[in-house]
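Accompanying notes for the structure given below.
The values are calculated or read from the model by the stated rules, or taken from the named source; none is laboratory data. The structure displayed is predicted, hence computed values, not measured ones. We place every Cβ from the backbone using ideal geometry, glycine too, and count neighbours over all the protein chains shown.
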DNA sequence: GTCTATAGCAGGATAGAC
DNA sequence: GTCTATCCTGCTATAGAC
């Protein structure tokens, strides 16, 4: 019912955003044509320019309207999935599971991390938004939570590098599926994804605290 | 002196490969035009088609003639950098240092990992070559070396996942420099790169063996 | 808000002179 | 082996009918 003026009930624009996201993730900004996007979205070639002004702005809106909200949802899922007084292992396992096997479709997950890794390697304007709205606040919050569980002997700097290391694994196992499959021989079924969550949890738990016993 | 017939003294082709690699790494295959490559290589537009047939084949030759040899050099540097009876820490530190601060220019290093991460996320024909000629043999060799240092209680499967986890960090800290800089506030000077080597070594050492004491 | 039609340009590739 | 000139396709973006 109540809707802002910028986000009216515009099914065409929604379809465009959806298809554009999938294609940008798969082929990159330059690898996709407006024609391909509009064809897939079953609308007219001119629709991109009408709704978003130009191709580049469509790309930015994909991040604004789809990527950032999904990232927030994943963060939320992590938070609500935590037990009351989470141990370090709880934190790591809930985190890994939220990102690797969280409450979104596998297709969306691939899409999400593909777009992310493209921006990580080749930052554009979208990266600024992601860094400000998603990465910085989330890492700040994570740092706090882990700080509590780790005791007092860790400097801020070291903790951030540790968190980045954990994040590196999450990202790698999400976006380099083909390579992981080649090396390990496993395909990404539910069983293997669960195995990966355990791997990241166990490896990081030891990595973070040194001695688990 | 002795030269194969496919790799004659062709300075233009060399320049093309060099400039093409830098541009493909920076902007991706679709983001670069043949015109841009030939302009940078200070040669004629037709040179790409004359020497390599077409743009796609130039991309493949970049991997064949530059990427794979560089990867082999890095692997070699890792091997010769190891002490006679390497401990687990020796293995990890030498490995991390070879890739993060090894015997190539920083420009080449960025280039190398950018191309790699593009192929990891979006495998093309080049990925097959890299997987067969570089990844598979290197991981097999690493698995052997780490197996010796770790004792008998590790299954092959778990070891591979551990190695992939280490590799995930190496890759992430190499190709996501912008994000790492935003989160940590550090720029990639020699000091910070050394810090990263220590981080990966220490984190992985604990992650791999559980109890460092 | 959606369409067709098209302007205007940049892209990869090639032919043929030198 | 290198050049110029050019073909032709495909692209983004826009104008204007409906």
Query - Filter result for residue B:81 (away from DNA strand C (no atom under 16 Å from the Cβ) and surrounded by fewer than 20 Cβ atoms within 10 Å (Cβ to Cβ)) - result: yes
Report task. Read through the list (1) more than 13 Å from DNA strand C (Cβ to nearest atom); (2) surrounded by 15 or more Cβ atoms within 10 Å (Cβ to Cβ), then give the number of the only condition that residue B:42 fails. Result -> (2)
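Please tell me if residue A:196 is at the interface with chain B (Cβ under 7 Å from one of its Cβ atoms) and at pLDDT 95 or above.
no
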Report task. Check residue A:57 against each of (1) more than 30 Å from residue A:158 (Cβ to Cβ); (2) away from DNA strand D (no atom under 16 Å from the Cβ); (3) in a helix (DSSP H, G or I) and name the one condition it does not meet. Result -> (2)
Requested in this report: Output the residues belonging to segment A:182-191 that are part of a helix (DSSP H, G or I) and facing another protein chain (nearest Cβ under 10 Å).
Outcome: A:182, A:183, A:184
Report summary line: Within segment B:13-25, the residues that are away from DNA strand C (no atom under 14 Å from the Cβ) and touching a helix residue (DSSP H, G or I) at 6+ places or on another chain (Cβ under 7 Å) are B:13, B:17, B:21, B:22, B:25
Query raised in the report: What about residue B:115, is it in contact with a helix residue (DSSP H, G or I) (Cβ under 7 Å, 6 or more places away or on another chain), surrounded by 20 or more Cβ atoms within 10 Å (Cβ to Cβ), in contact (Cβ under 8 Å) with a residue 40 or more places away in the chain and under 24 Å from residue A:181 (Cα atoms)?
Result: yes
Query - Flag for residue A:27 being outside the structural domain of residue A:134 (by TED's automatic domain parsing), under 23 Å from residue A:128 (Cα atoms) and within 25 Å of the chain's Cα centre (by Cα) - result: yes
Report summary line: Residue count, segment A:75-94, condition touching a helix residue (DSSP H, G or I) at 6+ places or on another chain (Cβ under 6 Å), assigned to a helix (DSSP H, G or I) and free of Cβ contacts under 8 Å to residues at least 40 places away in the same chain, comes to 4
